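A.B. asks: Take this structure, written in structure tokens, and hold onto it; I'll ask about it next.
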Amino acid sequence: MKQFLLDLLFPKFCLGCKREGSYLCEDCRSLLDITQFYYCLCSRNHQTIPPNEKYGKCSRCQNKKLSGLYFALPYKEGHITKKLIYKFKYKPYLKDLAKTLAGILIEHFIITQKNTDAIWKNSVLVPVPLDKKKIKIRGYNQSEELAKELSKVLQVPIISDVLIKTKITSPQMELKKEAREKNLLGAFAVSDSSVIASEVRPLGDERGNPESIKNKKIFLVDDVYTTGCTMEECARVLRDAGAKSVWGIAIAREG
Ligand SMILES: [Zn+2]
Ligand SMILES: [Zn+2]
């Protein structure tokens, strides 16, 4: 009933064709190129790894802290995917798009046969954190909203207070390779009262328990995977704190 009234007062329009009813109509959704394969982290040349492969990476990527990446869509200029993600993160801040986008990721898991219990067993979802400035502007962390929706379907718990952002960073895309690494240095941390300075989280603020990620398989959730530096840095921090393995989940991947 509540949803019915909300739809009546604030009708949704398809971001692709402006048709009334939802943010993404069935026709526009069917045009999406949902990834049918699993790609390595270095997949510029789109080499695929069979779904039954033990390790999610090619030999060149074995030293990376991130074990592998799942993404549902290619991130292309002028494509509806870019529009969906943009409206999810920026004006008009369509937080509700999390449901649509999580649904697309779930479809990718089904297509690539990643919807098995073995994959999600003993795992947790950890959204890539945002700095406080961005949270204040947006009012929410889009990765957390996405993780919440995934959590409902996958029945995997979400932990969003353990991995935290400890400094404001510049957008990675605007920086050269060396600057990117420097930009992210010390940008993330695992919440622990002995490590985190008080100005990061005011005293009395709820702090996460680092024990909750120990020996867990972690799925890091982000909206877009671009250079991969952010996820790699988060994976490094989580692995140092005792996580068993860290995998990435992104709606779309650039390149
Ligand atoms: Zn449409
Ligand atoms: Zn690779």
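A.B. asks: Dipole of the chain, Cα-centred, from +1 at each Lys and Arg C-beta and -1 at each Asp and Glu C-beta, to the nearest 20 debye?
C.D. replies: Roughly 360 debye, rounded to the nearest 20.
A.B. asks: Output the direction-averaged projected area (hull surface divided by four) of the convex hull of the alpha-carbon atoms of the chain, in nm².
C.D. replies: The number I arrive at for the chain is 14.9 nm².
A.B. asks: Restricting to Cα pairs below 8 Å that are 6+ residues apart, what does the relative contact order work out to for the chain? Please round to a whole percent.
C.D. replies: 21 percent
A.B. asks: Residues with beta-carbon under 15 Å from that of G16, excluding G16: net charge, scoring Lys, Arg +1 and Asp, Glu -1?
C.D. replies: +4
A.B. asks: Shifting gears a bit: Quick check on packing: order 130-140, 70-80, 90-100, 212-222 by the mean number of other C-beta atoms within 10 Å, highest mean leading.
C.D. replies: Per-residue Cβ counts within 10 Å, averaged per peptide and sorted highest first, yield 212-222, 70-80, 90-100, 130-140.
A.B. asks: Using modelled backbone amide H atoms (1.01 Å from N, in-plane), which distant-in-sequence or interchain residues come within less than 5 Å of R253's amide H?
C.D. replies: Excluding prolines and chain starts, which carry no amide H, the hits are L73, Y75, Y225.
None of the figures in this text is laboratory data; all of them are computed from the coordinates on show. Source: prediction; values computed, not measured. All Cβ positions, glycine included, derive from the backbone under ideal geometry; neighbour counts span all protein chains shown.
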